[in-house]
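Asks: Sharing a structure with you now.
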Amino acid sequence: MTNGEIVLFTWSDYVGLMRCRGVPLAELDRRMEHGLGWAVAGQAQSPFPDLAPNPWGPMMEVRQVPIASTKTRIDIWDDAPPFHFYLCDSQVNGGKNWDCCTRGFLKSALEDFKSETGLDFVAAFEHEFMLMDDPLPAAPSFTVETMRNVAKFTQDMTYALTQANIGLETVEPEFGEHQYEVTCAPAVGLAAAERAIIAREVIRECARRLGMRSSFSPKVKADGIGNGAHVHFSFQDSSGKNVTSNPGEKHDASLLTQQFIAGVVRHMPAICALTSPSPVSYFRLGPQHWSVGYASFGVQNREAAIRICPSPSMDPAEMVRGYNLELRAPDATASPYIVLGALVRAGLQGIREKLEIPQALGVDPGSLTDQERKELHILPLPGSLAEALDLMDADSIVREWMPKVMYDSYVSVKRLEVTLMADLDPVEICERYARVY
Ligand code: GLU
Ligand code: MG
């Protein structure tokens with residue numbers, strides 16, 4: 001039944017929201033090549049009705065051009081039409097990415113990474129979220145009861161995510177009240193970010209169809225548990241082999257991996273403005289609840305901003321295959337394109353400068369004294385979005401990663417978010433973001 005079916009052309013913007021325009025299914029073929037026009041002032045939107053100061057005004061337009069490989073069509077509901085959409089590139093004339101296209105930002109970071117290292121970047125996101133209007137009282141963390149209370153939701157979600165073909169791996173209860181986690185399989189480059197964007201939107205739809213809302217906001221309640229969007233990643237050569245590990249070297253990490261980690265640790269405080277980019281992000285980030293408060297590195301250490309995750313296998317080949325890294329600061333108020341772009345850029349900088357890997361931390365950095373952290377060169381992550389933006393502004397390397405017009409307009413939107421929340425208390429800020437994300 002395709003009568004009335006609409007296909008959405010969607011894109012993930014600066015504030016990590018998936019904006020869209022739609023065409024009737026019958027119009028799809030003729031729209032595939034040039035997509036739909038879009039007034040670029042829309043890129044200055046905050047998560048709220050307010051628009052940030054921007055250089056565009058009413059004039060300029062880009063084309064939102066659908067990417068065929070991202071076609072997603074979920075058709076599992078008797079009482080609702082299929083959920084049919086494509087992700088888009090924001091293009092200017094000649095088919096180039098617009099300077100402010102978030103997908104373009106990741107694309108150019110990946111191209112530089114590939115041309116300088118010969119390797120592909122592989123990644124997977126973990127999605128933590130809360131079901132907001134679950135009529136049943138919260139059951140204890142991680143229990144079967146939590147899962148079975150929402151068995152219809154998790155069944156629909158499993159079916160829908162399988163149709164979405166994002167490599168669904170796990171669906172499980174998390175630590176917080178009404179909190180769940182979904183993970184998808186690793187994918188190369190852009191596809192990793194696309195999977196994350198698609199997965200979140202499909203999860204939202206499954207909750208919506210059952211009269212509930214899901215929220216991926218980093219802190220749904222000021223005194224509650226945080227929702228992270230951790231990123232696992234590795235590097236692969238042209239034969240598809242995972243080359244992140246080199247057994248026998250420090251922590252069994254290849255030299256390139258060691259340098260990559262060093263680059264990420266060095267730029268971590270500044271890139272929080274890209275990976276944890278909203279006022280509410282800073283109610284989540286902080287030590288002692290596994291949501292990371294310091295720019296530190298560890299092996300297996302869940303209080304480290306970046307950690308090595310060794311494979312559980314004892315088989316040497318399997319150990320190399322499963323070896324990966326995890327970045328723990330990101331949350332879902334950031335576009336996955338921007339998160340991965342920032343991560344790749346920070347790591348690549350470490351490779352370019354041949355930085356030395358910091359000492360692996362075997363404890364929660366929050367349990368050390370100021371003096372001990374100073375001796376280990378461990379910096380705190382910013383305590384607010386305003387501070388994160390100042391740190392990014394002060395990092396001359398990070399500032400150069402985006403075309404100037406993108407950097408300036410991104411900062412303009414983020415500064416507006418700071419202003420909009422300035423007079424609100426944490427409870428209200430959490431409520432506002434929980435409604436949007
Ligand atoms: N919910 C935690 C966070 O905010 C992470 C818990 C975990 O390690 O999965 O990042
Ligand atoms: Mg988790």
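The values are calculated or read from the model by the stated rules, or taken from the named source; none is laboratory data. Just so we're clear, the structure is a prediction, and the values are computed from it rather than from any experiment. Methodologically, a virtual Cβ is constructed for each residue, glycine included, from the backbone with ideal geometry; neighbour enumeration extends over all protein chains shown. We work out accessible area using only protein heavy atoms, side chains counted, and drop any ligands, DNA or RNA first. Shrake-Rupley method; radii C 1.70, N 1.55, O 1.52, S 1.80 Å.
Asks: So, in segment 328-337, of the ones that are within 11 Å of ligand 1 (Cβ to nearest atom) and not charged (D, E, K, R), which residue ends up farthest from the chain's Cα centre (by Cα)?
Replies: Ala329
Asks: Kindly indicate which of Lys374, Lys414 is surrounded by 16 or more Cβ atoms within 10 Å (Cβ to Cβ) and of a type in the set (D, E, K, R).
Replies: Lys414
Asks: Still on this structure, please answer the following. What about Arg209, is it open to solvent by 60 Å² or more (accessible area, probe 1.4 Å), touching an Asp or Glu at 6+ places or on another chain (Cβ under 8 Å), within 24 Å of Thr70 (Cβ to Cβ) and not polar (S, T, N, Q)?
Replies: For Arg209, the condition - open to solvent by 60 Å² or more (accessible area, probe 1.4 Å), touching an Asp or Glu at 6+ places or on another chain (Cβ under 8 Å), within 24 Å of Thr70 (Cβ to Cβ) and not polar (S, T, N, Q) - is met.
Asks: Return the residue satisfying two criteria in turn: it lies in segment 218-231 and is away from ligand 1 (no atom under 11 Å from the Cβ) and not aliphatic (A, V, I, L, M), and of such residues it is surrounded by the fewest Cβ atoms within 10 Å (Cβ to Cβ).
Replies: Across segment 218-231, the extreme among qualifying residues is Asp223.
Residue-by-condition table, conditions (1) within 22 Å of the chain's Cα centre (by Cα); (2) among the hydroxyl-bearing types (Ser, Thr, Tyr):
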residue	(1), (2)
Pro81	no, no
Cys100	yes, no
Leu110	yes, no
Lys114	yes, no
Thr117	no, yes
Asp133	no, no
Pro137	no, no
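Asks: Can I ask one more? List the pairs whose first member sits in segment 66-86 and is closer than 18 Å to Val23 by Cβ, whose second member is assigned to a strand (DSSP E or B) and charged (D, E, K, R), and whose Cβ atoms are under 6 Å apart, counting only residues at least 6 apart or on separate chains?
Replies: Pro82/Arg73; His84/Arg73
Asks: Related question: Do you know which residues across segment 143-169 are open to solvent by 50 Å² or more (accessible area, probe 1.4 Å) and within 15 Å of ligand 2 (Cβ to nearest atom)?
Replies: Once the filter is applied, which keeps residues that are open to solvent by 50 Å² or more (accessible area, probe 1.4 Å) and within 15 Å of ligand 2 (Cβ to nearest atom), segment 143-169 yields only Glu169.
Asks: For segment 149-157, indicate whether the set of residues that are part of a helix (DSSP H, G or I) and either touching a Ser or Thr at 6+ places or on another chain (Cβ under 6 Å) or hydroxyl-bearing (Ser, Thr, Tyr) (or both) is non-empty.
Replies: Yes, there is a match, as at least one residue in segment 149-157 is part of a helix (DSSP H, G or I) and either touching a Ser or Thr at 6+ places or on another chain (Cβ under 6 Å) or hydroxyl-bearing (Ser, Thr, Tyr) (or both).
Asks: Another question, then. For segment 214-242, which positions are assigned to a strand (DSSP E or B), among the β-branched types (Val, Ile, Thr) and away from ligand 2 (no atom under 14 Å from the Cβ)?
Replies: Hits for segment 214-242: nothing passes.
Asks: State the number of residues belonging to segment 243-260 that are buried (at least 16 other Cβ atoms within 10 Å of the Cβ) and in a loop (DSSP other than H, G, I, E, B).
Replies: Of the residues in that region, 4 qualify.
Asks: Something else: Which members of segment 174-206 meet the condition of being within 16 Å of ligand 2 (Cβ to nearest atom), open to solvent by 10 Å² or more (accessible area, probe 1.4 Å) and within 24 Å of Gly322 (Cβ to Cβ)?
Replies: Glu174, Glu181, Thr183
Asks: Turning to a different aspect of this structure: Which residue is surrounded by the most Cβ atoms within 10 Å (Cβ to Cβ), if the candidates are limited to segment 7-48 and must be part of a loop (DSSP other than H, G, I, E, B) and at pLDDT below 95?
Replies: Applying the filter and picking the extreme gives His34.
Asks: Considering every residue within segment 381-393, establish whether at least one is free of Cβ contacts under 8 Å to residues at least 40 places away in the same chain, open to solvent by less than 80 Å² (accessible area, probe 1.4 Å) and of a type in the set (Asp, Glu).
Replies: Yes, there is a match, as at least one residue in segment 381-393 is free of Cβ contacts under 8 Å to residues at least 40 places away in the same chain, open to solvent by less than 80 Å² (accessible area, probe 1.4 Å) and of a type in the set (Asp, Glu).
To keep it simple, each residue is scored yes or no on (1) open to solvent by less than 50 Å² (accessible area, probe 1.4 Å); (2) part of a strand (DSSP E or B); (3) at positive phi; (4) among the small types (Gly, Ala, Ser).
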| site | (1), (2), (3), (4) |
| --- | --- |
| Asp79 | no, no, no, no |
| His84 | yes, yes, no, no |
| Ser90 | yes, yes, no, yes |
| Gly95 | yes, no, yes, yes |
| Cys100 | yes, no, no, no |
| Gly104 | yes, no, no, yes |
| Ser108 | yes, no, no, yes |
| Glu111 | no, no, no, no |
| Glu116 | no, no, no, no |
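Asks: Now for a separate question. Conditions: (1) away from ligand 1 (no atom under 16 Å from the Cβ); (2) among the basic types (Lys, Arg); (3) under 22 Å from the mean Cα position of the chain (by Cα). Lys250 meets all but one. Number of the miss?
Replies: (3)
Asks: Out of (1) open to solvent by less than 70 Å² (accessible area, probe 1.4 Å); (2) in a loop (DSSP other than H, G, I, E, B); (3) at pLDDT below 95, the odd one out for Met59 is which?
Replies: Among (1) open to solvent by less than 70 Å² (accessible area, probe 1.4 Å); (2) in a loop (DSSP other than H, G, I, E, B); (3) at pLDDT below 95, the lone unmet condition for Met59 is (1).
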